Amino acid sequence: MSERKIGTTCVQGGYTPGNGEPRQIPIIQSTTFKYNTSEDMGKLFDLEASGYFYTRLQNPTNDYVAAKITELEGGAAGMLTSSGQAANFFALFNICECGSHIVSSSSIYGGTFNLIAVTMKKMGIDVTFISPDCSEEELNAAFKDNTRAVFGETIANPALTVLDIEKFAKAAHAHGVPLIVDNTFPTPVGCRPIEWGCDIVTHSTTKYMDGHGVAVGGAIIDSGNFDWMAHADKFPGLTTPDDSYHGITYAEKFGKGAFITKATAQLMRDFGSIQSPQNAFYLNLGLESLHVRMPKHVENGTAVAEFLEKHPKVKKVSYPGLKSNPYYERAQKYFGHGGCGVVSFELEGGRPAAEAFMKKLKLAAIETHVADARTCCLNPASSTHRQLTDEQLVAAGIPAGLVRMSCGLEDKADLIADIEQALA
Ligand SMILES: *Cc1c(COP(=O)(O)O)cnc(C)c1O
């Protein structure tokens with residue numbers, strides 16, 4: 001069968017019921033699974049057989065939904081995590097340890113910035129942040145002998161910079177390490193980073209994938225393309241025997257599934273940040289309409305950005321779908337449009353003007369959230385990014401007076417009317 005279209009995968013991917021089985025993905029609300037003999041169960045603990053034994057590590061509901069997202073991204077294996085934060089931490093920590101180094105785009109989500117710059121630093125993992133717009137020379141100069149991964153966001157939250165995935169993948173591969181891309185904002189409906197050379201994709205499924213503000217969650221999808229054995233000295237966790245599983249070598253035994261199997265067997269076992277089956281079920285409801293919703297989010301984002309750009313009280317608008325945007329060409333290449341429904345803008349009058357404007361909005365609510373059906377907005381400098389210094393804010397492309405507006409699925413004429421009255 002030729003590869004089916006993405007919309008069909010959104011609706012039917014990941015789960016195919018047998019005769020007489022539930023049409024909808026069943027919620028397997030069980031912590032444990034029963035076996036007839038200890039020998040049967042022992043094989044699971046040795047990773048000799050696949051199956052379920054405890055929902056801290058794996059659950060069938062999650063695996064159906066992870067399989068759908070894996071197919072959407074064109075990956076080889078995937079897993080769900082309890083949050084986007086857990087997804088990015090697991091993706092990095094699966095190949096980094098004390099003494100490792102990460103090269104990361106400086107233009108990333110505030111929570112991820114903090115995770116890498118503060119919390120992982122305490123674990124002895126070092127980072128060099130580089131501008132997503134750095135030259136190839138600057139990018140290559142950021143690598144060290146102990147670099148183990150390159151990280152970036154396809155469209156950064158909230159700066160809306162667009163990553164040149166091909167350029168970052170090329171540099172990562174030239175230094176023998178994988179590129180990890182957080183693809184939360186465009187979703188695979190807008191962009192499939194693996195097709196551009198990315199090795200591992202992460203998601204906060206809390207955003208567009210759920211799309212209704214219902215369930216916090218994350219996902220990691222591995223392309224299966226990175227050759228761990230070719231760089232065996234850099235990735236001993238994948239290329240040498242794991243004593244906690246009777247000497248299994250993941251890259252030898254699991255091939256394209258090695259990265260995800262290791263993350264499940266070690267990190268889920270030890271950290272336990274799994275998504276609940278109930279949340280995976282909600283996530284799947286969102287995924288069923290992802291291909292229908294994303295174009296509408298983009299349409300509304302584009303309309304709002306075009307309106308704001310012409311308004312005299314607006315100093316600057318950032319939306320990669322605008323011709324005036326420095327990322328326009330890159331956005332055209334990677335998504336063919338603005339990529340998402342999130343628009344950032346700066347009002348004349350800085351932070352006080354932003355606060356006054358947001359108070360006046362009637363449809364757009366003030367929320368620490370983006371990417372759901374209801375339009376919402378936020379001043380990152382006073383909320384999500386308040387832990388950053390002014391210098392870090394500038395490096396992350398988020399001036400103090402910036403408003404981030406996530407355009408929902410309402411009628412665009414009503415959204416624009418709401419913004420117009422609030423600006424007036
Ligand atoms: C929200 C977000 C995260 C964190 O995800 P949570 O589900 O809130 O833990 C990570 N990356 C990006 C791009 C995000 O927008």
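Odds and ends about this structure:
- Sites residue 253 and residue 333, calculated FRET efficiency, Cβ-Cβ separation with R0 30 Å, nearest 0.05: 0.20
- Residue order, fewest to most beta carbons within 10 Å, for 229, 358, 268: 229, 358, 268
- Near the amide H of residue 274, within less than 5 Å, lie the amide hydrogens of 82, all on another chain or at least 5 residues away, with H placed in the peptide plane.
- Charge tally for residue 284 (other residues, Cβ to Cβ under 11 Å; Lys, Arg +1; Asp, Glu -1): -1.
- With a cut-off of 14 Å between beta carbons, the residues surrounding residue 349 carry a summed charge of +3, where Lys and Arg count +1 and Asp and Glu -1.
- Relative exposure of 15, 250, judged by other C-beta atoms within 10 Å (fewest first): 15, 250
- Going by neighbour counts of Cβ atoms within 10 Å, the residues 228, 196 line up, fewest first, as 196, 228.
- Each Cα pair under 8 Å and six or more residues apart adds its separation to the average, and for the chain the resulting relative contact order is 16 percent.
- Environment charge at residue 223 (Cβ cut-off 9 Å; Lys +1, Arg +1, Asp -1, Glu -1): -2
- Remark on the chain: Rg and Dmax equal 21.6, 74 Å (Cα only).
- Most mobile listed residue (220, 194, 248) in the chain, GNM with C-alpha springs under 10 Å: 248
Every number here is computed from the coordinates shown, using simple stated rules; none is lab data. This structure is a prediction, so every number in the text was calculated from the model and none was measured. Glycine gets a Cβ as well: all are built from the backbone with ideal geometry, and neighbour counts include every protein chain shown.
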